[in-house]
Amino acid sequence: MAEDAEKAAENARSKDLYNITKILTGERKRQHTGVKSEEGELKSERNDILNRWVEHFSEVLNRQDPLHPISEKDVDLAEIIIDEIALGEWTVAEVKRALKKTQNGKSAGIDSVTPELIKADIDLTAEKMAEIFNSLWEEEKWPSDWRKALICKIFKKGDMTDCNN
């Protein structure tokens, strides 16, 4: 097993090296720690922790760019540009092109579908996806599940209870 890890390291196969190292070191349980509120108070209840993360990411992901504030003129211009965009149906070729650009080896989304699974039969997938997209476009309604995303917190150095780390 150690020799396999060495070969993986020599051949720059980082994914294999990671998996072998994980097997060799064994499974470790994560320590349950709380998070600090904006006031610095440590929260340890599951709902309090989840609410704090929701609050944190809402602030981080919904900021207005301070260097380029949006004016009413910008909104009017955006509406004009949107009106000029060709709003034809999605073609199978467009969907297929987008699917081919999707990188393999990425983690699955909330639906547990990986890029490799989507690309297994790219012709059939592109055809079905184009049908779905065109149907949704016609109805002007998107599934609520498509608005969901998985966010993985990756800590930097410092206090793990601080959401900014």
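Quick look at the values:
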read-out	value
Filtered residue count, the stretch 109-132, keeping only those that are surrounded by 13 or more Cβ atoms within 10 Å (Cβ to Cβ) and either in the same structural domain as K15 (by TED's automatic domain parsing) or under 20 Å from the mean Cα position of the chain (by Cα) (or both)	6
Residue ID - nearest to E138 (Cα to Cα), chosen from residues in the stretch 78-108 that are over 20 Å from the mean Cα position of the chain (by Cα) and modelled with pLDDT of 80 or more	E89
Qualifying residue in the stretch 135-146 (condition: touching a residue at least 12 places away in the same chain (Cβ under 8 Å) and over 22 Å from G88 (Cβ atoms))	yes
Subset tally (residues that are in contact with a Leu (Cβ under 7 Å, 6 or more places away or on another chain) and at pLDDT below 95) for the stretch 126-146	1
The lone exception for A5 - which of (1) at pLDDT below 85; (2) within 28 Å of D159 (Cα to Cα) it fails	(2)
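The values are calculated or read from the model by the stated rules, or taken from the named source; none is laboratory data. Note that this is a predicted model, so its numbers are computed, not measured. Cβ sites come from the backbone with ideal geometry, for glycine too, and all protein chains shown count toward neighbours.
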